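Here is the structure we will look at, set down as structure tokens.
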Amino acid sequence: MKKRILGAALAAIVAAGGAAADPTRIGMITTLSGGGAHLGVDVRDGFQLALEQAGRKDVELIVRDDARKPDMAKSLADEMIQKDKVAILTGIIWSNLAMAVVPSAVRQGVFYISPNAGPSALAGRGCHRNYFNVAWQNDDLHAAMGAYMKAQGFKRPFILAPNYPAGTDALTGFKSTFGADVGGELYTKLGQTDYAAEIARIRASDADSVFFFLPGGMGIAFLKQYAGAGMTLPVFGPAFSFDEVILGAVGDAAIGARNTSQWAYDLDNAANRAFVEAFRKTYGRTPTLYASQGYDAARLILSALDAADPVNEPDAFREALRAARFESVRGKFRFGPNHHPIQDIYVREVVPGDGKPTNRLIGVAMRDRQDAYAAQCRM
């Protein structure tokens, strides 16, 4: 199998039994350049792998790079809806971009299937019948780590995250289970790369541990500088700060850190084993959680397309999405009333690997986690 990338755009029409005069058009808007690009690349690659495995020609995938800019994401969404006539949108990584795109798109009758961003505003009062999130609500992995660290006996974690919707959700989620009494709390700039001031604050505090949410290049910079400063407080976070790409860049400085995730490449179920093997064979690398989310998003969409046409049968298509009749790589999967997953959240530990650190599944932090905003959703 080969990736077919045409500049910043990817148009993949994938084969299946039977011809389709009017294939269902799916628009993927994701981050393929700049800081954090590996998140979008993995979502795209996981999504495309599922399409290729399905061997269908009734689906056309159009991919565009949002360059992590909200105005560009909104412009691309408008173009895809009005010019390309997409029936489904997906792909957005960052919550501020999701807030710029999703509310307008779903009001126009387009379905949005999120493979990543899950801002609280879209899980609660801003929920919509055409919006589904196949990954998690932003608070979930952080809330799971808060519960885990409390159970492990930590008393004064220093907590930090970027100042944007996913960052505020992260610390809100952590404190919802750990409690509000922490050893220190900081919001950083989104995209920040120098953490000297933050590390100095941590050193001067009476914290007994550090919890941070810094995805992509932010996490790489923080972990390297934290280790370089000789800091020894144990480190915890969500999987976003400890994916395989980040660990490869950080190296041994990350060993011993623990993180929460709804997925792990060593989860022992048939769907996951097949996915990890196929991803490694196709792309030559171990998938991250982002790749697993892109893969599951595509499989969810394909399962619903087997039941109904999103353009001509939107109600039936929506019900097929709700049913989630696909084998998730994370194991059991179902949607809550606000179209966000109810799922187990696992704990992983960073351990030495074959030439670079890797994650190893060590336990479960929360079972059947439903996000805290579902009760606010009125569809």
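Here Lys281 and Ala375 are evaluated by their C-beta separation; at R0 = 35 Å the FRET efficiency comes out at 0.20. If R0 is 25 Å, the Cβ-Cβ spacing of Asp22 and Asp315 corresponds to a FRET efficiency of close to 0.80. Measuring nothing but how far apart in sequence close Cα pairs (under 8 Å, 6+ apart) lie, relative to its length, segment 233-343 scores a relative contact order of 22 percent. What percent does the relative contact order of the chain come to when contacts are Cα pairs within less than 8 Å and at least six residues apart? Computed value for the chain: 17 percent relative contact order. Put simply, the amide H of Arg369, placed in the peptide plane, has neighbours under 5 Å in Gln343, Asp344, Ile345, leaving out anything fewer than 5 places away on its chain.
Determine the gain in length on full extension of the stretch Glu185-Val364; use 0.36 nm per residue of separation and subtract their C-alpha separation, reporting nm with one decimal.
My answer for the length gained is 61.8 nm.
Could you work out the percent of alpha carbon pairs in the chain separated by over 28 Å, rounded to a whole number? Intermediate values should be presented prior to the final figure.
Working: 29116 of 71631 pairs.
When all Cα pairs of the chain are counted, 41 percent exceed 28 Å.
Measuring nothing but how far apart in sequence close Cα pairs (under 8 Å, 6+ apart) lie, relative to its length, segment 180-295 scores a relative contact order of 21 percent.
Residues whose amide H falls under 5 Å from that of Leu186, counting only those 5 or more places apart or on a different chain, are Ile159, Leu160, Ala161, with hydrogens built in the peptide plane. Of the residues Gln192, Gly179, Ala204, the one whose Cα sits farthest towards the positive end of the charge dipole of segment 136-222 is Ala204 (charges of +1 on Lys and Arg Cβ, -1 on Asp and Glu Cβ, taken about the Cα centre).
Pairs of C-alpha atoms in segment 186-255 farther apart than 18 Å represent 29 percent of all such pairs. The length gained by stretching the chain between Arg203 and Gln152 to full extension, at 0.36 nm per residue less their Cα-Cα distance, is 16.2 nm. If the label point is 7 Å along Cα→Cβ of Asn163, which residues in segment 202-218 have backbone nitrogen under 18 Å from it? Within reach of a label on Asn163: 202, 213-215, 218. The angle between the Cα long axis of helix 140-151 and the longest principal axis of the Cα atoms of the chain comes to about 30 degrees, rounded to the nearest 10.
Here the convex hull built on the C-alpha positions of segment 137-186 has a volume of 54 cubic angstrom per residue. Look at where the Cα atoms of segment 199-273 and of segment 67-145 average out, and the two centres are 26 Å apart.
The gain in end-to-end length when the Ala249 to Arg125 segment is fully stretched comes to 40.7 nm, 0.36 nm per residue minus the alpha carbon separation.
Which entries of Lys281/Lys356; Lys57/Lys281; Lys189/Lys281; Lys57/Lys83; Lys57/Lys85; Lys224/Lys281 show an alpha-carbon separation above 27 angstrom in the structure shown?
Details: Lys281/Lys356 19 Å; Lys57/Lys281 23 Å; Lys189/Lys281 37 Å; Lys57/Lys83 21 Å; Lys57/Lys85 17 Å; Lys224/Lys281 30 Å.
Distance filter (> 27 Å) returns Lys189/Lys281; Lys224/Lys281.
Could you give the angle, 0 to 90 degrees to the nearest 10, between helix 70-79's Cα long axis and the longest principal axis of the Cα atoms of the chain? That works out to roughly 10 degrees.
None of the figures in this text is laboratory data; all of them are computed from the coordinates on show. Being a predicted model, the structure only gives us computed values, none of them experimental. So basically every Cβ, Gly included, is an ideal-geometry build from the backbone, and we count neighbours across all protein chains shown.
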